[in-house]
Amino acid sequence: MDGIRGIYMDHAATTYTKKEVLEEMLPFFTEYFGNPSSVHKFGRDVRKHVDTAREKVAKALGALPEEIYFTAGGSEADNWAVKGAAYANKSKGNHIITTSIEHHALLHTCEYLEKEGFEVTYLPVDEYGLVSVEDVKDAITDKTILISIMYANNEIGTIQPIEEIGKLAREKGIYFHTDAVQAVGSVKIDVKEQNIDMLSLSAHKFYGPKGIGVLYVRKGVKLINFVHGGAQERGRRAGTENVPGIIGLGKAIELATENLEESSKRIMGMRDKLIKGVMDKIPYTRLNGHPDKRLPGNANFSFQFIEGESLLLNLDMKGIAGSSGSACTSGSLDPSHVLLAIGLPHEIAHGSLRLSLGAVNTEEDIDYVLEVLPEIVERLRQMSPLYEKVKGGNTNV
Amino acid sequence: MYSEKVMDHFSNPRNVGEIEDASGVGEVGNAKCGDIMKIYLKIEDNIIKDVKFKTFGCGAAIATSSIATEMIKGKTVEEALELTNKAVVEALDGLPPAKIHCSVLAEEAVKAAIEDYMKKQGKEVESSVSAGIEPDEEACCSKCERKCH
């Protein structure tokens, strides 16, 4: 990066495609270009590889290959799961339970369904971003047809009690969908053990290519077909397969599952060092998310008296790539809905910084961030009229 | 997304700080909205001898504060009152649409500081002082259509 140290700490936004993954994909642009639906050898050869990729995904999730449906990504999978289950089961009821901290792919889909006559309960979360299983239980009515709760949050990394929610949903005979886009490749998932009926994932979050994802749908779950027009994905999601993407996803999930424990442990070690360092070195700082129940690579802080975008720009000048939940970076006028849901006042939500660690990071990266970040925060605070008002006062957050 | 001029003023902001015995101080914006600007003026013989600012906000908020202080330094009070947000945007070689409100805040901060000076002088407050916003719980950043909760 032009002689500047380039330190990527935005793995929750996207990851690079691993070399081994790319190498597996490349022949499917040229040599193996056939349409998997074709009868001839060109098509049949490709079909075999698509099937193998599907098996790899199924194995990683503890599912059956015929329960794996390829999509264009996580947002499509979320849309399909929620709309698909809502419309297919509206004779049973019109009530959906979700949380206030879901990804917008889920929230905006639910808002759309509300306009269509469905009723949605958005469960609150506690200060750590955890949803209460009791709250889920209490929200269930005889009209409830779907519970959709994310596996782990993209901003603050909090991991939900998925197994308990799955058990509850199964007992009540209600479908349970989880958006696991951030979790797959970072935590161990078993859809059967955890009673998950539907699960969304996206390849580019675990070193696969962009534009390819999966919706796992347990056999027997009633779901409307999402794309009409062909027999692909057993007629439920038509369109010629994104073959290179599918091959890449298959390889990426295989690698991620093989290395899960080892890589999680390494990344978690760096994350804990980062969190401890930041909390020790920078006063008036809050760690957002749960201390333990969090994704291995996620660190999310709020620095009082400063604003997230100016922090990101300063970090970028030092070669560090992170993200923020401030209004200026969220593309809307409000700070992140997740940070507001965990109870942060607007002014503190504006000063948030997410650093999400992954495969490219090293211990040296953490040392560098711990050297640079406190200086940047202090410089911005010196410039802030909010800081001068409280200097010396009691300003614990 | 930002022009070189914005990045220059963001990374090397001019006139950051406070003036202890300021002739006028203006503060606009709201922490809830994510930006507050505070401008300090030292006025002698109707001339702005010195100006300092402190800003809580995004890159554009810091850059607009910085350039606004440069634009009014050495000017008469009347000249400074003619500062417009448009002039601030032009001086920065443009701002992304979502950041225009920062230039409005910069204009308002300058005018609020002059208003404060005039009040202290016992002078009539010029009607050209735009908005004269009083940030409160209901509404802030009067021209940017932001709604604060």
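The values are calculated or read from the model by the stated rules, or taken from the named source; none is laboratory data. A quick note: this is a predicted structure, and the numbers were derived from the prediction, not measured. Note: ideal-geometry Cβ built from the backbone for every residue, glycine included; neighbour counts use all protein chains shown.
Quick notes on this structure:
- Residue under evaluation A:I96, criteria (1) hydrophobic (A, V, I, L, M, F, W, C); (2) touching a strand residue (DSSP E or B) at 6+ places or on another chain (Cβ under 7 Å); (3) closer than 16 Å to A:I162 by Cα, criterion not met: (3)
- Residue list for the stretch A:265-290, restricted to those being under 21 Å from A:P345 (Cβ atoms) and more than 14 Å from every other protein chain (Cβ to nearest Cβ): A:V278, A:M279, A:I282, A:P283, A:T285, A:R286, A:L287, A:N288, A:G289, A:H290
- As a summary of the residue check, A:R354 satisfies the conditions (1) at pLDDT below 95; (2) of a type in the set (K, R); (3) within 21 Å of the chain's Cα centre (by Cα) except for the one numbered (1).
- Tally, over the stretch A:231-260, of residues that are in a helix (DSSP H, G or I) and touching a residue at least 12 places away in the same chain (Cβ under 8 Å): 19
- Comparison of A:E55, A:E66, A:E114 shows that the only residue that is part of a helix (DSSP H, G or I), surrounded by fewer than 19 Cβ atoms within 10 Å (Cβ to Cβ) and either of a type in the set (A, V, I, L, M) or touching a strand residue (DSSP E or B) at 6+ places or on another chain (Cβ under 6 Å) (or both) is A:E114.
- The residue list A:P296, A:P335 contains one member that is away from chain B (no Cβ under 14 Å) and either outside any helix (DSSP H, G or I) or touching a residue at least 24 places away in the same chain (Cβ under 8 Å) (or both), which is A:P296.
- Scope the stretch B:39-84; condition of a type in the set (D, E) and either out of contact with any strand residue (DSSP E or B) (no Cβ under 6 Å at 6 or more places or on another chain) or crowded, with 24+ Cβ neighbours inside 10 Å (or both); matching residues: B:E44, B:D45, B:E70, B:E78, B:E79, B:E82
- Residue match in the stretch A:14-35 (condition: crowded, with 22+ Cβ neighbours inside 10 Å, modelled with pLDDT of 95 or more and over 15 Å from A:G250 (Cβ atoms)): yes
- Of all residues in the stretch A:338-369, those satisfying the criterion of being more than 14 Å from chain B (Cβ to nearest Cβ), charged (D, E, K, R) and assigned to a helix (DSSP H, G or I) are A:E363, A:E364, A:D365, A:D367.
- Filtered residues of the stretch A:168-210 (kept if farther than 28 Å from A:R271 by Cα, in contact (Cβ under 8 Å) with a residue 24 or more places away in the chain and part of a loop (DSSP other than H, G, I, E, B)): A:I174, A:K192, A:E193, A:N195, A:I196, A:D197
- Residue match in the stretch B:37-57 (condition: more than 8 Å from chain A (Cβ to nearest Cβ), in contact (Cβ under 8 Å) with a residue 40 or more places away in the chain and in a helix (DSSP H, G or I)): no
- Test: B:L105 is away from every other protein chain (no Cβ under 14 Å) and touching a residue at least 40 places away in the same chain (Cβ under 8 Å): no
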